[in-house]
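The values are calculated or read from the model by the stated rules, or taken from the named source; none is laboratory data. Everything numeric here is computed off the predicted structure, so don't read it as measured data. Neighbour counts are summed over all protein chains in view; Cβ atoms, including those assigned to glycine, are modelled from backbone coordinates with ideal geometry. The protein model used for the area step is the full one, side chains on, heavy atoms only, and it has no ligands, DNA or RNA in it. Shrake-Rupley method; radii C 1.70, N 1.55, O 1.52, S 1.80 Å.
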Amino acid sequence: MQQTDEQRELLASLRELVERVLGDRHESLCGAGFSSETWQTLGGELGLLAASLPEAMGGMAAGQEADAILMEAFGKHLVSQPYLSSVVMAAALLDVSDDAGSQHLAAAAQGEAILVPALADSPSDTQFACVETVATITDNEVLLQGSKVLVRDAPLADRFIVLARQDGAADCPHVLLILDADVPGISREDFGTIDAATGSHLRFDQVRLDRSAIVVRGSEALERAALATDSAIVAVCAEAIGVMQAMLEQTVEYAKQRVQFGQPIAGFQVLQHRMVDMSVAIEQAESITRLARGKLLTPDRAKAASAAMALVAKACRGVAQDAVQIHGAVGIADETPISRYFRRALAIEKQFGGKAYHLKRYMQSADTF
Amino acid sequence: MIDIELELSPEDSAFREDVRAFLAEKFTPELRREAELQTGVFADGALSAKWHRILFERGWAAPGWPKAHGGAGFNATQQYIFNDECARAGTPNLPVAGVRLCGPVLIEFGTPEQKDFFLPRILSGEHVWCQGYSEPQAGSDLAALECKAHRDGDEYVINGQKTWTTHAQFADWIFVLVRTSREGPRQAGISFLLVPMDAPGLSVRPIVSMSGEHEVNEVFFDDVRVPVSNLVGEENKGWNVAKFLLVNERGSGSGAAYLKNALGMLGKIIADDGPFSGAACDPVFAGRLAEIEIEVAALEQSEHSLLEAITRGETARGHTLASIHKLHVSQIMQAITELEVDAIGAFAQIDQAPVLFGHGEASAQVPPRALTPVAHYLNMRAITIFGGSSEVQRNILARAALGL
Ligand SMILES: Cc1cc2nc3c(=O)[nH]c(=O)nc-3n(C[C@H](O)[C@H](O)[C@H](O)COP(=O)(O)OP(=O)(O)OC[C@H]3O[C@@H](n4cnc5c(N)ncnc54)[C@H](O)[C@@H]3O)c2cc1C
């Protein structure tokens, strides 16, 4: 992960730009207030969304480092959607070297189209068995039938990237499809999330697609789904760092100005230690996330991603709880920002399987690093 | 769970059978279903009123009050049995402001007129109460309160603000601590007043909690007038009344029952025949649950020993134990809600507030047991903050128990 001076400068300027941009725009990117216009500005005009992508697609080729910088900033400003779906995961699912794939990605990077992956059938489908979602592929079309429970960002989607099982293919049964979100036969049951984003339960009922909807078939489809998920895990860990840093900053600030018993509560040593513990947990989370980022394209990918998610999930929980406790009753009010960070931290813990799941996956992955 | 064997007299055994029979008859499946959807610190206004009424009709609305004031007159053991049986059944957690806080204060400090007027109405449920202690700048440091009252003829005129007032939106009356003097130590200028919520000049602003539930409020006083006869105790001696009440608030003596009720809910979430039974098979999860059960058993034993001491007339460690129990109950409760949230995994991301607190429809895609855990977890963050925060309890224990 050695960076050249040039890369470092590029990343530093990216960090500065995204901070400046989000500072006065995040309201229109958060939750129900999401504005596709603002998203397009971030993409097309400012070129931020392409930072991780190859230069040929208008990007900075800054890869995962750019993802991390953007996600951390999104975390700080509570923009919990839809970069993770539309860029991080989509880039792992689509093939930049083929025409169709790069066109879809370029549109996502411009902010013109929002791509939303629907991979597992349900939260318990951690191995992507996809038994409920079946694609029947004939000579001239693809027929999609099935359902996906709990797809984040789905209400924002222009296109879905769907992992399905091919009817009749026993060995390597998976297929990855890309389809417009408004194709007849797709129905959505939308819900809000605790972190003010949105999601849907999807149904595909006799959805007829052109064969060009096929992105890739066989084991490669499954492998890409796994890579997309691990990339998302590492990216969401970076977002968590931003979320936790914001909580720490706000808590320290609050403790300095909140007076009880004639003194700022920041003067109570027990609270000082608690805030120090928060910062120590964040430091640890940052380090394990950096480690996992470096392993994303190596055979240790899964083990490292799970190591990061397990530790970050633990940090999220502890830091969020400490932040609210130190705020006192103010911390439990919906109108206090800290409570919104608390809920985002909780959603991050649960988005790709919780701490227990990742500890298990860590223990089960071959020991190589 | 390990059951604690109470040595029951024949009367107490008969009493337990009475309570069981009562619950079997009156705690209907419909009430149980409603109770299972509660996520707040207390059951919501409508359910509380319903259950309170049923207890009232049986003469059990105030288990701890003496019979002379219309209470159930249970002895300490009977109160324990009653709480325990209610918890096992999973009855609603009733708000404490009237029966458990204001009632005992009036019994201890009230005038005969106050007792005659208020106590029967607390019992019947005609008056729902809320607690006006905290203010924006007076939380843990309660004596910093600034909401003031001055005498004008035979009335007090109140100006200022209270905050975090639980269930003010359902209340008919509020008891408030007000500043009636600035002379001497801060504690010496405080009085305890009873105020009807419909008094002109009193207004309530809701504060929505991070769960999406509306439990707490701000209450504003703008030249609110009450007769001098609404003063409890003496003017400027309200701090004694306040402290008496705080001790009652801290130590209910039935923390284990409260926790067993929550464990019962958790048990339903991870039930064998449900979609989240996998959690209970996970050794780490099962270990966390076992640890909690053991801590609840220890707490129950401690409460039981305290009960025996009180029955023998010993009160020496009562205050210390109240703080220890408050610490334990709140921490264990939070640990239980963490298990609830962990049991439902990714479903925790879905905001169920519209279903729980609004008119939203539950989705057929989401298992019903996934409805309550997140709101419960979020609401229970408050339990280490109110009623004396965990930090404040430790300060009390450092001083009172360790002499530091
Ligand atoms: C859900 C809920 C319901 C409530 N209902 C009511 C109600 O009905 N009526 C009512 O009057 N009030 C109510 N309260 C308010 C409650 O009593 C206060 O929250 C409590 O007194 C703590 O005050 P605070 O929130 O202002 O926190 P603060 O006192 O500002 O404390 C902030 C942080 O500093 C810590 N701290 C404070 N002092 C010390 C110290 N000396 N040493 C170390 N640490 C310290 C605290 O532990 C906490 O972590 C409610 C609160 C909640 C959350």
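In this entry, B:Thr372 passes the filter for residues that are of a type in the set (S, T, N, Q), touching a Ser or Thr at 6+ places or on another chain (Cβ under 6 Å) and more than 30 Å from B:Asp141 (Cβ to Cβ). Residues considered: B:Ala49, B:Ala24, B:Ala14. Of these, the only one that is within 26 Å of B:Thr372 (Cβ to Cβ) and free of Cβ contacts under 8 Å to residues at least 24 places away in the same chain is B:Ala24. Among the residues of segment A:254-271, those identified as small (Gly, Ala, Ser), more than 8 Å from the ligand (Cβ to nearest atom) and surrounded by 14 or more Cβ atoms within 10 Å (Cβ to Cβ) are A:Ala266, A:Gly267. Residues in segment A:324-337 that are more than 12 Å from the ligand (Cβ to nearest atom) and either crowded, with 24+ Cβ neighbours inside 10 Å or more than 8 Å from chain B (Cβ to nearest Cβ) (or both): A:Pro337 only.
Checked against (1) open to solvent by 20 Å² or more (accessible area, probe 1.4 Å); (2) in a loop (DSSP other than H, G, I, E, B); (3) more than 14 Å from the ligand (Cβ to nearest atom), B:Gly388 passes all but a single condition, namely (3). Note on segment B:173-208: among residues that are away from chain A (no Cβ under 14 Å), closer than 18 Å to B:Gln137 by Cβ and part of a strand (DSSP E or B), the one that is most open to solvent (accessible area, probe 1.4 Å) is B:Arg179.
Within segment B:143-160, is even one residue in contact with a helix residue (DSSP H, G or I) (Cβ under 9 Å, 6 or more places away or on another chain), hydrophobic (A, V, I, L, M, F, W, C), under 30 Å from A:Phe268 (Cβ atoms) and within 8 Å of the ligand (Cβ to nearest atom)? No, that holds for no residue. Among residues belonging to segment B:359-375 that are more than 11 Å from chain A (Cβ to nearest Cβ) and open to solvent by 20 Å² or more (accessible area, probe 1.4 Å), point out the one that is nearest to the ligand (Cβ to nearest atom). Step by step, filter segment B:359-375, then rank; the result is B:Leu371.
Restricting segment B:314-344 to residues that are polar (S, T, N, Q) and over 19 Å from the mean Cα position of the chain (by Cα) leaves a set whose member that is modelled with the lowest pLDDT is B:Thr315.
Part of a loop (DSSP other than H, G, I, E, B), touching a Cys at 6+ places or on another chain (Cβ under 7 Å), within 12 Å of chain A (Cβ to nearest Cβ) and open to solvent by less than 30 Å² (accessible area, probe 1.4 Å) - does that describe any residue in segment B:136-148? No, segment B:136-148 contains no residue that is part of a loop (DSSP other than H, G, I, E, B), touching a Cys at 6+ places or on another chain (Cβ under 7 Å), within 12 Å of chain A (Cβ to nearest Cβ) and open to solvent by less than 30 Å² (accessible area, probe 1.4 Å). So, A:Val280, is that one within 34 Å of the chain's Cα centre (by Cα), part of a helix (DSSP H, G or I), within 15 Å of the ligand (Cβ to nearest atom) and of a type in the set (Val, Ile, Thr) or not? No: the conditions fail for A:Val280.
Return yes or no: is A:Ala347 of a type in the set (A, V, I, L, M) and within 16 Å of the ligand (Cβ to nearest atom)?
When the stated conditions are applied, A:Ala347 does not pass them.
Just one of the listed residues (B:Glu291, B:Glu295, B:Glu314) is part of a loop (DSSP other than H, G, I, E, B), open to solvent by 50 Å² or more (accessible area, probe 1.4 Å) and not basic (Lys, Arg), and it is B:Glu314.
Screening B:His214 on (1) within 14 Å of chain A (Cβ to nearest Cβ); (2) surrounded by fewer than 16 Cβ atoms within 10 Å (Cβ to Cβ) shows it passes everything except condition (2). Among the strands (runs of 3 or more DSSP E) confined to segment A:171-233, the ones with at least 3 residues that are more than 14 Å from chain B (Cβ to nearest Cβ) are located at A:174-180, A:198-209, A:214-217.
For B:Pro95, the stated conditions hold: it is touching a residue at least 24 places away in the same chain (Cβ under 8 Å) and either in a loop (DSSP other than H, G, I, E, B) or within 16 Å of the ligand (Cβ to nearest atom) (or both).
Of all residues in segment A:271-282, none that is within 19 Å of B:Val392 (Cβ to Cβ) has its Cβ atom under 8 Å from the Cβ atom of a residue that is more than 11 Å from the ligand (Cβ to nearest atom) and polar (S, T, N, Q), 6 or more apart or on another chain.
Going residue by residue through segment A:341-355, is there one that turns out to be more than 9 Å from every other protein chain (Cβ to nearest Cβ), in a helix (DSSP H, G or I) and open to solvent by 30 Å² or more (accessible area, probe 1.4 Å)? Break it down into steps so the answer makes sense when it comes.
Going residue by residue through segment A:341-355, those that are more than 9 Å from every other protein chain (Cβ to nearest Cβ) are A:341, A:344-345, A:348.
Then drop every residue that is not in a helix (DSSP H, G or I), which leaves A:341, A:344-345, A:348.
Right, trim to open to solvent by 30 Å² or more (accessible area, probe 1.4 Å) and you get none.
No, the conditions are met nowhere in segment A:341-355.
Do we have any residue at all in segment B:74-91 that's in contact with a Pro (Cβ under 8 Å, 6 or more places away or on another chain) and more than 30 Å from B:Glu213 (Cβ to Cβ)? Yes; the residues of segment B:74-91 include at least one that is in contact with a Pro (Cβ under 8 Å, 6 or more places away or on another chain) and more than 30 Å from B:Glu213 (Cβ to Cβ).
Against the criterion of being within 16 Å of the ligand (Cβ to nearest atom) and out of contact with any Lys or Arg (no Cβ under 9 Å at 6 or more places or on another chain), A:Glu286 does not qualify.
Taking residues in segment A:235-261 that are under 17 Å from A:Ile332 (Cα atoms), and partners anywhere that are open to solvent by 40 Å² or more (accessible area, probe 1.4 Å), the pairs with Cβ atoms closer than 7 Å and at least 6 places apart or on different chains are A:Ala246/A:Lys76; A:Leu248/A:Ser279; A:Gln250/A:Pro337; A:Ala255/A:Pro264; A:Arg258/A:Pro264. Taking the listed residues A:Arg274, A:Arg293, the one that is within 14 Å of another protein chain (Cβ to nearest Cβ), open to solvent by less than 70 Å² (accessible area, probe 1.4 Å) and part of a helix (DSSP H, G or I) is A:Arg274, with no other qualifying. Only one of the listed residues (B:Phe170, B:Phe109) is more than 16 Å from the ligand (Cβ to nearest atom), open to solvent by 50 Å² or more (accessible area, probe 1.4 Å) and within 25 Å of the chain's Cα centre (by Cα). That residue is B:Phe109. With the requirement that a residue be under 23 Å from B:Ala256 (Cβ atoms) and at the interface with another protein chain (Cβ under 8 Å from one of its Cβ atoms), what does segment B:343-353 give you? Those that are under 23 Å from B:Ala256 (Cβ atoms) and at the interface with another protein chain (Cβ under 8 Å from one of its Cβ atoms): none in segment B:343-353. Here B:Trp164, B:Trp129 are screened, and the one residue that is in contact with a helix residue (DSSP H, G or I) (Cβ under 8 Å, 6 or more places away or on another chain), open to solvent by less than 50 Å² (accessible area, probe 1.4 Å) and either within 14 Å of the ligand (Cβ to nearest atom) or among the aromatic types (Phe, Trp, Tyr) (or both) is B:Trp129. Restricted to segment B:232-250, and to residues there that are more than 18 Å from B:Trp173 (Cβ to Cβ) and outside any helix (DSSP H, G or I), the residue that is nearest to the chain's Cα centre (by Cα) is B:Lys237. Is it the case that A:Asp300 is within 16 Å of the ligand (Cβ to nearest atom), closer than 28 Å to A:Pro123 by Cα and surrounded by fewer than 20 Cβ atoms within 10 Å (Cβ to Cβ)? Judged against the criteria, A:Asp300 is not a match.
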